[in-house]
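Everything on this sheet refers to the single structure shown next.
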Amino acid sequence: MPNASDAVTAELVSLVMRHAASDGTHGTAIPALHLMRASAPAQRLPAVYEPGVVLVVQGRKQATLGTELLSYDPLHCLVVSVTMLPLAQIVEASPERPYLCLRLDVDPRELGALVLDTPEAPTTAAARGLNVARVSAPLLDAMLRLLRLLDTPRDAAVLAPLVQREILYRVLTSGDLGPRLRALSAADSHAQRIGRAIELLKRRFAEPVRVEEVAQAAAMSPSSLHQHFKQVTTMSPLQYQKMLRLHHARQLMLVGGIDAALAGHRVGYESPSQFSREYRRLFGAPPKADAALVRRAVTITS
């Protein structure tokens, strides 16, 4: 006999299918809410995950951080606390049962303000910036109510911010995720300092940045920065900056249509051969060949 969560999931699937009628990522009338659909599994590739809450309503996806494998499906949600750079892969999808998910962007400042309204024991320990937990019934219900608002745009303008706040509250009060999010939002915690270091690297990814500068932004010593940065992101600050550069170069080629040499130069590479070598190591193919493969795949699925 179907239970209440089955009925909620079925309605979520129907709503996402209707508002994301084709494969790809779709914006919505609620600016922070994005819908994703894919009709086939995808290879594992480097990805950029911005802060947010991701709920899969059909299919399954995996994210790899270092040696840690995170799997999320209709029973689990993914919470991204700072910009993360995992390897990601859709592992369960078909034309009959496409992979469907929704992503709700999270403003770290809003999260920090909400933490102040839901006080618990403070913590300063660094926490991983990407976490998976089982979806609670109240969180699932709040997600459904947010998605229903897409059918009533006039109501969404007033009610969506309230439901979004409730979703964050549900995540913060989760036994599994709450403490980790609090660590990343607590004023002057190690984790929040790492967040400031990440923001500096995102602003200046194309520039030569000394570790000492990043450490100063985080109000840490270089050795402490390295230790805590790796706890949150699974990589060093310079590895993180290199991945940001390569991701941005890929976007410049795919969206901007510029050639590999110019893309590499724009993101801070002086040597085209070094750019091509490091790009291939990350994405599995040289820049020009990778861009052609992605464009061909988009043409086939569109």
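Read the figures in this text as sums done on the coordinates, not as results from a lab. Note that the coordinates shown come from a computational prediction; the quantities given were computed from them, not determined experimentally. Note that each Cβ is placed from the backbone with ideal geometry, even for glycine, and that neighbours are counted across all protein chains shown.
Miscellaneous remarks
- Helix-only mean residue ellipticity at 222 nm for the chain, each DSSP H run of n ≥ 4 adding -39500 (n - 2.57), per residue, nearest 500: -15500 deg cm²/dmol
- Considering only Val158, Val79, Val232, the mean-square fluctuation computed in a Gaussian network model of the chain, springs between alpha carbons under 10 angstrom, is largest for Val158.
- 15 Å beta-carbon shell around Glu207, net charge (K/R +1, D/E -1): +3
- Using the Cβ of Arg280 as centre and a radius below 13 Å, the other residues enclosed give a net charge of +2, where K and R count +1 and D and E count -1.
- Proxy reagent accessibility, fewest Cβ within 10 Å first, across Thr67, Thr118, Thr83: Thr67, Thr118, Thr83
- Stretching the chain fully between Ala137 and Ala292 yields a gain of 51.4 nm (0.36 nm per residue, less the alpha carbon separation).
- In Hz, Karplus ³J(HN,Hα) per residue of the range 248-264 (6.51, -1.76, 1.60; θ = phi - 60°; x = Gly, Pro): 5, 4, 4, 4, 4, 6, 6, 8, x, x, 8, 7, 5, 4, 5, 4, x
- Answer label for Cα extents along the principal axes in Å (calculated), chosen among [x] 60, 51, 37; [y] 54, 50, 39; [z] 47, 43, 43: [x]
- The stretch between Ala47 and Thr25, if pulled fully straight at 0.36 nm per residue, gains 6.5 nm over its current Cα-Cα span.
- As a rough guide to protection, the peptides 164-170, 91-97 ranked by mean Cβ packing within 10 Å, highest first, stand as 164-170, 91-97.
- Per-bin percent of Cα-Cα distances, the range 189-302 [5 Å]: 2, 12, 21, 19, 14, 13, 11, 6, 2, 1, 0
- Pair Ala285, Ala40: separation of 7 Å Cα→Cβ label points (nm): 1.3 nm
- About its Cα centre, the dipole of the range 4-185 is roughly 180 debye, where the only charges are +1 on Lys and Arg Cβ and -1 on Asp and Glu Cβ.
- Straight Cα distances below 24 angstrom link Lys61 to the lysines Lys230, with same-chain residues fewer than 8 positions distant left out.
- Taking the fewest neighbouring Cβ atoms within 10 Å as the starting point, the ordered list for Met36, Met235 is Met235, Met36.
- Distance between the modelled labels on Thr152 and Gln274, one decimal in nanometres: 5.8 nm (7 Å Cα→Cβ projection).
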